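Novice: For reference, the structure I am asking about is given below.
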Amino acid sequence: MEFRTATNQMRSSPHISQDEGYGQSKPLREKLTVDLKTKSKEDSEGSGQSFSDFSNIFASDLLPARNGEKCTEGFLLEVFDILFSYIRKTFDGKSKVLDFHHPHQLLEGLEGFNLELSDQPEPLEQILVDCRDTLKYGVKTAHPRFFNQLSSGLDMVGLAGEWLTAVANTNMFTYEIAPVFIIMEELLIKKMHELVGWRELEADGIFSPGGTISNLYSLLVARYKFFPVVKIKGMAALPRIVLFTSEHSHYSFQKASAVLGIGIENIIAVRCDARGKMIPSDLENKIMAEKEKGHVPFYVSATAGTTVYGAFDPFDRIADICEKHGLWMHVDAAWGGGLLLSKKHRPKLSGIERAHSVTWNPHKMMNVPLQCSAVLFREKGLLQACNEFCANYLFQPDKQYDVSYDTGDKTIQCGRHVDVFKLWLMWKAKGTCGLELQINRCLENAEYLYKKLKSRDNFELVFPNEPEHTNVCFWYIPPSLQGMPRDKEWNTKLHKVAAKIKAHMMEEGTVMVSYQPLKEKPNFFRMVFSNPASRKSDIDFLLDEIERLGGDLEF
């Protein structure tokens, strides 16, 4: 059966609804898998070889071994069968999110799953078992009831992009070895620039290993912009420089300041209002206070979608202050950047176009497979000047093509993974309008949960406002705590509730959602939506499950 024919059938079948999920296309997908495996078996039998039994076949029998084509094909089809079986179970809401085991159990070995490394090669039969068990004992982060992290879900086109990237197995430092991927990255950076609102400027930026590194790049480049001597002389040649972030900002700024030698004591935390937004008047007061101490303010980071509350800082007012005092303005939109694709929700990022740099993680709201993060800069050339060292074994100026496309000297890294292709492929497959619809649905889920929580007596919202992003923070109040005086002792007991319920969740494997304290607030659940597979029925299940697991808690 030709794959093109199967694809056409899948596209035209009246039984496959994009909105209804994955279950109804199961028979056709199973048929395609069987056809492919049958074809492989027939080819193998025709050559006098069978690869249904891998007990005596080893990695050395696979390509590039001579005559290793059929063996390799059979092995990879077995791997595909394992992966597709896992994917099918993941999107089946009846399956568990995880089969939890403690670290000592994994180290000791489970039902033949041994993590210890062997000196001698093991047959591919064991390797296939290890592949199955690795998935079996892991967490199904694409499960519709996995709400634990900001990045969740699994996009099929993105997965195909990841596979192709792995097969290409190239590096992003020069055009000569990654010509197509380099051009894709330039086009994606330009597109993201336009969405931020920097249409009149040349696009500059880079894809990095994650939001933490993207934020580090912004701080690194901003420091170079104000103090280029730091590249040669180091921090000893600089005055005492300080930067400002909101008290709800991501901890990556502490990491970046430590790594860059700025020091975490030189991060000034700006107060936030009850909703988690930076207070501009407090920012300006603290800038003035640092100047009076003889310190040199140079950088302010605002946040588009804080990690806990999902709050969006008032960017225009922050930009006014940065312009007044001559400071670099960065926006950490790792979590909230995806809303730039939504006409309905884009106004929440009004003023982001006034920033000098932006972090944006497509592996969050855009559902691109991990990892996929970009840091964008308004000013062309700063990133290159800050990081370049002109290694002559890579960046020869007399190449036969335009060497400005050799991006390696823009980065801290030398080797850099291809993170752009899966995003490019998904954007092509869905279009901007498809990505917008996907993002809007996640925010609709948050609104649905918010209204459900308000209607249930034994749940309380951490703050009463409607969610700005997909973050919804709440407490579950078990019957044993209802009607009691809400004093310090009550708070101490409430603090234990979320942790106990989460432990039961993981042991039973039915659902996963994170919890945390914040300042004086006891532990609360933080729900986030970024998985397009999650439905309102999954939200109802979560609330019912919390009540089931926590209803009999006694203190």
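Novice: I'd like to check something: does the range 49-62 contain any residue that is at pLDDT below 60 and open to solvent by 60 Å² or more (accessible area, probe 1.4 Å)? Explain how you work it out, then say what you get.
Specialist: Going through the range 49-62, the residues at pLDDT below 60 turn out to be 49-50.
Filter once more, keeping what is open to solvent by 60 Å² or more (accessible area, probe 1.4 Å): 49-50.
Checked against the condition, which is being at pLDDT below 60 and open to solvent by 60 Å² or more (accessible area, probe 1.4 Å), the range 49-62 yields at least one hit.
Novice: A follow-up question, please. If you check 430, 454, which single one turns out to be open to solvent by 30 Å² or more (accessible area, probe 1.4 Å) and farther than 30 Å from residue 180 by Cβ? Steps first, answer last, please.
Specialist: Details: 430 fails: farther than 30 Å from residue 180 by Cβ.
It is 454.
Novice: Still on this structure, please answer the following. Is it the case that the range 254-263 has a residue that's part of a loop (DSSP other than H, G, I, E, B), open to solvent by 10 Å² or more (accessible area, probe 1.4 Å), in contact with a His (Cβ under 7 Å, 6 or more places away or on another chain) and touching a residue at least 12 places away in the same chain (Cβ under 8 Å)?
Specialist: no
Novice: Tally time: how many residues in the range 228-253 are without any contact (Cβ under 8 Å) to a residue 24 or more places away in the chain, within 19 Å of residue 296 (Cα to Cα) and among the aromatic types (Phe, Trp, Tyr)?
Specialist: Count: 0.
Novice: Of the numbered conditions (1) under 22 Å from residue 166 (Cα atoms); (2) open to solvent by 30 Å² or more (accessible area, probe 1.4 Å), residue 423 fails exactly one; give the number of that condition.
Specialist: Condition not satisfied by residue 423: (2).
Novice: Hey, another quick one. Looking at the range 264-303, which of the residues that are under 20 Å from residue 349 (Cα atoms) and among the polar types (S, T, N, Q) is most open to solvent (accessible area, probe 1.4 Å)?
Specialist: 281
Novice: Could you list all residues from the range 178-221 that are open to solvent by 40 Å² or more (accessible area, probe 1.4 Å) and either part of a loop (DSSP other than H, G, I, E, B) or touching a Cys at 6+ places or on another chain (Cβ under 7 Å) (or both)?
Specialist: Within the range 178-221, 199, 200, 201, 202, 209 meet the criteria.
Novice: Just to check your reading of the model, which residue among 175, 224 is part of a loop (DSSP other than H, G, I, E, B), hydroxyl-bearing (Ser, Thr, Tyr), open to solvent by 40 Å² or more (accessible area, probe 1.4 Å) and in contact (Cβ under 8 Å) with a residue 24 or more places away in the chain?
Specialist: Working: 224 fails: part of a loop (DSSP other than H, G, I, E, B).
None of the other options fit; the residue is 175.
Novice: Hey, can you tell me all the residues within the range 270-298 that are of a type in the set (A, V, I, L, M), part of a helix (DSSP H, G or I) and over 14 Å from residue 247 (Cβ atoms)? Step through it out loud before you land on a result.
Specialist: Looking only at the range 270-298, we keep the residues that are of a type in the set (A, V, I, L, M), and these are 270, 274, 278-279, 283, 287-289, 296.
Those still in the list that are part of a helix (DSSP H, G or I) too: 283, 287-289.
Correct list: 287, 288, 289.
Novice: Further question: Quick one: which residue in 483, 509 is at positive phi and under 23 Å from the mean Cα position of the chain (by Cα)?
Specialist: Numbers: 483 fails: under 23 Å from the mean Cα position of the chain (by Cα).
Selected residue: 509, the only one of 483, 509 that is at positive phi and under 23 Å from the mean Cα position of the chain (by Cα).
Novice: Is there any pair with a first residue in the range 348-367 that is in contact (Cβ under 8 Å) with a residue 40 or more places away in the chain and assigned to a loop (DSSP other than H, G, I, E, B) and a second that is open to solvent by less than 20 Å² (accessible area, probe 1.4 Å) and acidic (Asp, Glu) whose Cβ atoms are under 8 Å apart and which are 6 or more apart or on different chains, and what are they?
Specialist: Hits for this filter: 367/155.
Novice: Then there's this: Given the criteria in contact (Cβ under 8 Å) with a residue 12 or more places away in the chain, in contact with a His (Cβ under 6 Å, 6 or more places away or on another chain) and among the hydrophobic types (A, V, I, L, M, F, W, C), does residue 268 qualify?
Specialist: Numbers: in contact (Cβ under 8 Å) with a residue 12 or more places away in the chain: yes; in contact with a His (Cβ under 6 Å, 6 or more places away or on another chain): no; among the hydrophobic types (A, V, I, L, M, F, W, C): yes.
For residue 268, the condition - in contact (Cβ under 8 Å) with a residue 12 or more places away in the chain, in contact with a His (Cβ under 6 Å, 6 or more places away or on another chain) and among the hydrophobic types (A, V, I, L, M, F, W, C) - is not met.
The values are calculated or read from the model by the stated rules, or taken from the named source; none is laboratory data. This structure is a prediction, so every number in the text was calculated from the model and none was measured. Here Cβ is always computed from backbone atoms with ideal geometry, including for glycine, and neighbour counts include all displayed protein chains. Only protein heavy atoms, including side chains, enter the accessible area calculation; ligands, DNA and RNA are left aside. Shrake-Rupley method; radii C 1.70, N 1.55, O 1.52, S 1.80 Å.
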